[in-house]
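To start, the structure under review is shown below, and the notes come after it.
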Amino acid sequence: MTTRIDQRFADLKREGRAALVTYTMAGDPDTRTSLEILKALPKAGADVIELGMPFTDPMADGPAIQAGGLRALNAGQTMIKTLGMVRAFRKGDSATPIVLMGYYNPIYIYGVMKFLADAKAAGVDGLIVVDLPPEEDEELCIPALKAGLNFIRLATPTTDDRRLPAVLANTSGFVYYVSITGITGSAAPDADKVHAAVTRIKRHTRLPVAVGFGVRTAKQARAIAQGAEGVAVGSALVNAVKDSLDRKGKATARTVKAVAVLVAELARGVRGAKHKSP
Amino acid sequence: MTVVQQPNSFRTGPDERGHFGIYGGRFVAETLMPLILELEKAYAEAKADPAFKKEMDGHLKNYVGRPSPLCLAERLTKHFGGAKIYFKREDLNHTGAHKVNNVLGQIMLARRMGKPRVIAETGAGMHGVATATMCAKFGLECIVFMGALDVARQQPNVLRMQALGAQVRPVESGAKTLKDAMNEALRDWVTNVSNTFYCIGTVAGPHPYPMMVRDFQCIIGEETRAQMQEAEGRLPDSLIACIGGGSNAMGLFHPFLDDRGVDIYGVEAAGHGLKKKHAASVAGGRPGVLHGNRTYLLMKDDGQIEEAHSISAGLDYPGIGPEHAWLADLGRVKFLSATDKEALAAFQLCSRLEGIIPALEPCHALARLGDIAPSKPADHLLVVNLSGRGDKDLDSVAKHLGDKGLGGKL
Ligand SMILES: Cc1ncc(COP(=O)(O)O)c(C=O)c1O
């Protein structure tokens with residue numbers, strides 16, 4: 001079975017460049033503006049979209065994404081609304097892959113089977129659930145694969161060669177390499193170390209590897225893109241939303257544009273990379 | 001509650017994946033997973049090593065001051081006019097609470113694993129103080145995460161931690177209480193995983209923590225068995241303890257779980273009342289996943305975690321340890337609750353009648369004595385886990401009592 005994610009990475013491989021993977025928090029600062037941001041991403045140069053499912057207790061996220069999630073929740077975002085955003089997005093875009101990213105509890109409470117059916121029907125392509133390591137595969141990973149959704153796993157600097165096969169076993173779509181031991185929005189990763197790590201992972205899998213956590217600027221994106229099939233940017237985009245808000249925390253005329261401008265800049269970085277396929 | 005088949009023994013959990021029935025597990029980020037597996041292995045090795053136990057027993061006796069007494073609460077017994085009430089005096093441990101039993105074990109493990117840096121979350125500050133104490137004793141760096149609200153309401157413990165050389169990091173996110181402190185501790189751990197040991201303060205978190213903390217706390221129940229045997233020549237008839245995450249309760253309960261004749265009560269914090277803001281996750285929650293385990297949690301319809309409320313910082317948490325969740329479903333432990341007001345009244349009663357100023361946490365257990373003790377015969381032996389002393393709470397109790405003040409009429 002080929003998913004939109006597989007297709008997109010295959011297409012980009014033919015083009016000889018890495019994917020720009022952009023993270024945006026669903027419902028930040030409100031559902032309507034967030035949908036406008038979502039729709040603007042592909043035009044601005046995003047190749048894959050990660051859509052954050054807000055959670056009150058995001059224990060692997062730094063201050064930027066924590067705050068984005070709280071803005072969304074305070075504005076009334078729910079899982080139903082998040083799936084509704086994907087459905088609305090799909091009316092105008094049937095090619096850009098969407099990966100829902102977040103924590104397990106809101107999915108568990110929604111009901112795993114119902115969530116998978118509704119997500120698939122809405123046009124979701126994959127899931128990244130931070131607090132579900134391979135040890136808990138029966139919870140969501142295996143049912144998701146059966147439902148035809150990619151389950152994208154995080155590999156980290158602490159995932160050694162002995163553990164990698166277990167982490168990769170049920171991973172599909174792509175592998176998300178967390179470039180630092182830390183939370184989202186931390187210090188920028190060292191490109192050489194990242195390339196070495198990607199090379200290590202590639203010894204274990206034929207899946208594309210995207211690198212994220214800590215990438216902020218076009219320059220960093222370009223450096224990372226030289227040795228990986230994807231570069232993921234999150235906190236910087238969530239901060240762009242924050243910086244565009246008015247004093248009451250409401251969206252302004254600049255909000256969507258602020259994100260689009262940054263994405264376009266990052267896309268130029270990624271596309272300017274001399275991609276040496278790892 | 002789900003109906004679950006009764007097991008032959010209540011004391012065999014968890015399974016090798018850390019499950020107590022549907023509860024428990026290892027719901028953590030990949031970055032932490034290798035370390036959690038390493039910890040599980042290190043703990044299994046330590047447990048099998050007689051030298052580890054010997055060293056621990058030595059520190060428990062000579063540094064912590066164990067065994068803690070089991071003392072008859074004579075005037076409270078007379079006051080209620082029913083069951084014979086005993087206190088298990090965990091308040092007399094060095095550092096003033098049961099928390100130190102667990103911290104000693106974990107810090108010894110941190111040393112075995114070669115981790116020079118220790119982090120902890122704390123609510124009431126007792127776990128933070130115990131961790132700061134053991135880190136001082138063994139020469140480890142100590143960083144304690146504490147909600148900013150708790151920093152304000154448990155000032156004496158903040159000062160104690162600082163005096164002991166620990167760094168206290170106030171956490172400003174969320175409701176600024178224990179849940180937020182735990183989030184921040186987990187974030188620190190993810191960031192500093194290679195040199196850091198996370199010393200969790202209760203029977204919660206990813207496997208092996210709920211099991212490991214329980215094992216370290218079981219000394220409470222084991223001593224109680226022996227002491228009651230000596231005092232009365234038999235087992236107690238009922239046990240009662242307050243439940244935050246549930247470590248003092250589990251420590252007392254676990255050695256008695258298979259003695260079916262022993263009634264066991266856990267008391268959650270009902271805050272302003274179960275229909276208002278509270279911290280009673282069994283009474284008002286349902287199974288969900290947070291902080292590495294599946295357990296009863298307070299949450300909204302769409303799976304967002306609710307902020308808890310309790311006057312007691314140590315109980316102000318929207319979850320409970322997974323083994324308690326399992327025991328609640330099985331009905332082996334009966335779950336009750338007590339409000340802020342009831343806990344305050346118990347604080348005063350215990351202080352005036354027994355000459356023991358209890359921490360606000362065990363006051364929740366004391367608060368239910370009025371329902372249980374009077375209807376029991378005089379030979380009914382009831383043990384309350386007096387999990388900590390109340391010096392830390394004097395300021396905040398005085399504030400809550402308002403004009404009447406601490407010295408006012410009961
Ligand atoms: C004296 C005392 N008792 C009880 C508790 C609650 O924790 P647990 O339920 O893990 O015993 C605390 C926590 O801070 C405490 O300080």
ask   = Mind ordering B:218-225, B:377-384 by average Cβ neighbours within 10 Å, highest first?
value = B:218-225, B:377-384
query = What average count of beta carbons from other chains do you get within 10 Å of the Cβ of residues in B:103-115?
reply = 0
message = Can you give me the accessible area per residue for the protein assembly as shown, using a 1.4 Å probe, in Å²?
response = 36 Å²
note = For the pair residue B:229 and residue A:193, the simple spin-label estimate (label points 7 Å beyond Cα toward Cβ) gives in nm 5.5 nm
ask   = Taking the alpha-carbon set of segment A:216-278, what are its Rg and Dmax in Å?
value = 13.8, 46
key: Cysteines in the protein assembly as shown lacking a second Cys C-beta under 4.7 Å   = A:141, B:71, B:199, B:218, B:242, B:350, B:363
inquiry  = Straight-line reach only, C-alpha to C-alpha below 22 angstrom: list the lysines that residue B:78 could link to, leaving out same-chain residues fewer than 8 apart.
reply    = B:88, B:376, B:409
Cβ neighbours within 10 Å from other chains - mean over B:23-29 = 6
remark   = Violations at 22 Å Cα threshold for listed pairs A:39/A:257; B:47/B:115; A:146/B:300; B:115/B:392 -> A:146/B:300; B:115/B:392
message = Using only the alpha carbons of chain A, what is the convex hull's orientation-averaged projected area in square nanometres?
response = 12.7 nm²
ask   = When the scattering of chain B is computed by the Debye formula from its Cα atoms alone, each counted once and equally, what is log10 I(q)/I(0) at q = 0.08, 0.11, 0.12, 0.13 Å⁻¹?
value = -0.37, -0.73, -0.89, -1.07
query = Can you give me the relative contact order of chain A as a percent, contacts being Cα pairs under 8 Å and 6 or more apart?
reply = 24 percent
query = If you take the C-alpha gyration tensor of the protein assembly as shown, multiply each eigenvalue by 5 and take the square root, what semi-axes do you get, largest first, in whole Å?
reply = 48, 25, 23
task = For residue B:259, put the label point 7 Å out on the Cα→Cβ axis and report which residues of segment B:354-381 keep their amide N under 15 Å from it.
result = B:380-381
message = Over segment B:243-382, what is the relative contact order in percent, taking alpha-carbon pairs closer than 8 angstrom and at least six residues apart?
response = 25 percent
query = Which whole-number percentage describes the relative contact order of segment A:83-170, with Cα contacts under 8 Å and a sequence gap of 6 or more?
reply = 29 percent
ask   = Taking a spot 7 Å from the Cα of residue A:265 along the direction of its beta carbon, which residues of segment A:37-66 have an amide N less than 17 Å from it?
value = A:41, A:44-46
query = When only alpha-carbon atoms count, how far does segment B:313-410 stretch along each of its three principal axes, as whole angstroms with the largest first?
reply = 45, 37, 19
remark   = Rounded to the nearest 5, the percent of DSSP beta bridges in the protein assembly as shown running antiparallel is 20 percent
request  = Nearest 100 Å² is fine: how much accessible area is buried between A and B, summed over both sides, with a 1.4 Å probe?
outcome  = 2900 Å²
Bins of 10 Å from zero: percent of alpha-carbon pairs in segment B:300-350 = 19, 37, 37, 6, 0
query = At what distance in angstrom do the alpha carbon centres of segment B:60-74 and segment B:358-372 lie from each other?
reply = 20 Å
key: Other protein chain Cβ atoms within 10 Å, averaged over every residue that makes up A:124-136   = 5
key: segment B:1-107: GluC sites (Glu not before Pro) falling in loop per DSSP and having at most 11 other Cβ within 10 Å   = B:16
query = So what does log10 I(q)/I(0) come out to for segment B:155-265 at q = 0.11, 0.17, 0.21 Å⁻¹, using the Debye formula with one equal point on every Cα and no solvent?
reply = -0.51, -0.94, -1.15
task = Express in whole angstrom the spacing between the alpha-carbon centres of segment B:212-263 and segment B:126-198.
result = 28 Å
query = Using only helices, what value at 222 nm comes out for the protein assembly as shown when you add -39,500 (n - 2.57) per DSSP H run of length 4 or more and divide by the total residues, to the nearest 500 deg cm²/dmol?
reply = -12500 deg cm²/dmol
query = For segment A:116-183, which GluC sites (Glu not before Pro) are both in a DSSP coil and crowded by at most 16 other Cβ atoms within 10 Å?
reply = A:138
ask   = What is the log10 of I(q)/I(0) for segment B:15-85, computed with the Debye formula using one identical point scatterer on each Cα and no solvent, at q = 0.18, 0.28 Å⁻¹?
value = -0.85, -1.15
message = Taking the Cα centroid of segment A:1-70 and of segment A:165-222, what is the distance between the two, rounded to the nearest whole Å?
response = 16 Å
remark   = Surpassing 27 Å at the alpha-carbon level, of the pairs A:193/A:242; A:43/A:202; A:242/B:179, are A:193/A:242; A:43/A:202
query = Mind checking the dipole of segment A:181-278: about its Cα centre, +1 per Lys or Arg Cβ, -1 per Asp or Glu Cβ, Debye to the nearest 20?
reply = 140 debye
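The values are calculated or read from the model by the stated rules, or taken from the named source; none is laboratory data. Quick caveat, the model's predicted, so the values are computed rather than measured. Counting neighbours? That spans all protein chains shown, and the Cβs are built from the backbone with ideal geometry, glycine included. Only protein heavy atoms, including side chains, enter the accessible area calculation; ligands, DNA and RNA are left aside. Shrake-Rupley method; radii C 1.70, N 1.55, O 1.52, S 1.80 Å.
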